[in-house]
1. Take the Cβ-Cβ distance between Lys384 and Ser235 as r, set R0 to 35 Å, and report the resulting FRET efficiency rounded to the nearest 0.05.
2. On a full-extension model of 0.36 nm per residue, what is the gain between Arg112 and Tyr521, subtracting their alpha-carbon distance, rounded to one decimal in nm?
3. Of the beta bridges DSSP finds with both residues in the chain, what % are antiparallel, to the nearest 5?
4. Trypsin sites (Lys or Arg not before Pro), restricted to region 375-406: which are DSSP loop and have at most 14 other Cβ atoms within 10 Å?
5. So for Phe144, Phe563, fewest C-beta neighbours within 10 Å to most, what's the order?
6. Quick check: net charge around Asn273, other residues with Cβ under 10 Å of its Cβ, Lys/Arg +1 and Asp/Glu -1?
7. For Lys88 and Ser412, calculate 0.36 nm times their separation in residues minus their Cα-Cα distance, and state this gained length in nm to one decimal.
8. Considering only DSSP beta bridges where both residues belong to region 413-567, give the percentage that are antiparallel (nearest 5).
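Rule-based calculations on the coordinates, nothing more; no lab input. Computed from a predicted structure; not experimentally measured. As a convention, Cβ positions derive from the backbone with ideal geometry for all residues, glycine included, and neighbour counts pool all protein chains shown.
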Amino acid sequence: MKHSIFLLLIFTLNLFAKPYIAIISGPFEDVLFDITQDYDRQISAVGFSQNYRQDTDSNTAYTSAFDYLDSISSNKGEQLHLIRLDSKAKISFNFLNKLPRFNRGVSVIKSRDNGYFIGGYTQDGKLLLLRLSSGGSIIFQKQFGTKNYDRMNRLVALRDGGVLAVGSSMTSRSRKDDRYTQGIGLNDIYLTRFNQEGNIIWSKKYGTRADDRAIDATEAFDGTLLILANTSQGSTQDITLMRLSEEGDKIWLRRYRSKGVLNAHRLITLRDNNFLTSISYYDSKHAQQTRLIKFDLQKNILQECNITTEGTNILSDIKERSNGAIVGVGHRNTRLKTEAMAITLDNHLKPIWKRFFDNFERSTFHALTLLHNGDIAIAGELIKKGAEIADMWVIKLHRDGSTLQISPEKGSLYYELLKTFAKEIRDGKISIDEDLTIKLTDTKLRFKAGKYLLTQKQFSFLHHFNKKLITCLYPYRDKIDSLHVNGHSSSEWGSLSAENSYLKNMKLSSKRAFEVLKFMYNDHQLKQYRKWLSTILSSDGHSYAKRIMKKDEDRENSRRVNFKIQMNR
């Protein structure tokens, strides 16, 4: 018998488990680009949220109409945004970097004190490095770079506790140059190394006559740095791999060439001290596909692997597991939509599983982190069906690609209610929401049209239900503010006008709630709880304001009573 009850409890708790998915919406675009795990096993992600500019100076005098129009047209833009999520996918910390310049965050790295290094750039081409404490206080905030337009693509953690800012800077030119002959808007690789206090150790540019942009970097076992970049010239774009000393001096450079366009995405150091990069190429159908390239410290290509799907696919981020397997995330484009994509490959780069997320208008994964227990946390963006703007998106997956489920927290009132009413939930008598709303779902417990007195079936059920509910709640009495009985009705009332029908149904729904409250309070089984019940019990009528709608109004199921437990704030 005990075994059966245990299985029933497990079934009920699994039934009420929900997927670990956080969707953070704002009034405008919201996107996450990077993610990491905190030392307390929460997860943090960084990106941007669009907001209105708050610092407009109404006393500014403009000598040009164009300057004035530019000032009012740019009152909405991006601000760096860091969020931290707990084990229930709830936001436990929220940081929005409200600089006068619009800016976005692209990378987040854990500092040794459980704080953060955050890298990003401003809309007008300045680079940003922030360090936050674990509590979110700003330790320092630096703007750095050249006098030209700069952009950061990645912030890389180094073994000495410092970081490497990876990006590009527009090529410096003399005013005497004929810029039309020299070219307009070409970029150089731009790297800046910081110590953990945020002091610049060195800052250097590298480039050719082509357009060079650093995309990612990683540190080798010997402290040298490997750089991944795009090099564009004319209609072609190649991949550049470069090795630097700890001081930033060039050791070697290798160009990985192909006809057409190659795009660099991610570079990681493997456990065998070799390196793996994710790039994309165009196939014979002119669709982008993923290519993984493994190479060693002497720039030798050791292995190549193509990952192909219907349409286009890109792996924006890759990580290596302790057993050598590779986990990647990105997206796939088909003729119909853009779908977030996750994949795991074995240590020979053969796919183990792929998963696509097609239940949104558009979805993309930008970054992943491997959690302490082998699960995967992923950050990106999605557009819900019927919507037009992107929301931040965080999801956790198990090793096999299935979505991690959040079970009710053991010891919480929600957990205890589910355990107490496991049989009633399984039998379809009641349902319990996470906000502690208890709904009587059995149609035999509904009221007849125009009636409010309890039927024998309602008496019988409430007699059983009442004792279990109150004895379950009583141990939590110091945390409970109130227990509301909410009465509801359907909308009909003969030939009365809508206004009079509402008032009549308000009175009827209030009577239904009061009859249930009166029964609960007078229940002879619970005499010892009456003093406490008198401090928490209340009843309300809602008329037909919250009637149940399917295709049309579900009148029978609208004539109901629900319970709402309100906890102390």
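1. On the way: r = 38 Å, r/R0 = 1.07.
The value I calculate is 0.40.
2. 141.6 nm
3. Counting DSSP beta bridges with both partners in the chain, the antiparallel share is about 95 percent.
4. Values: sites: Lys384, Lys385, Lys396, Arg399; in loops: Lys384, Lys385, Arg399.
Sites meeting the loop and neighbour criteria: Lys385.
5. Numbers: Phe144 16, Phe563 21.
Least crowded to most crowded, the residues run Phe144, Phe563.
6. After counting each charged neighbour, the total is -2.
7. 115.4 nm
8. 70 percent
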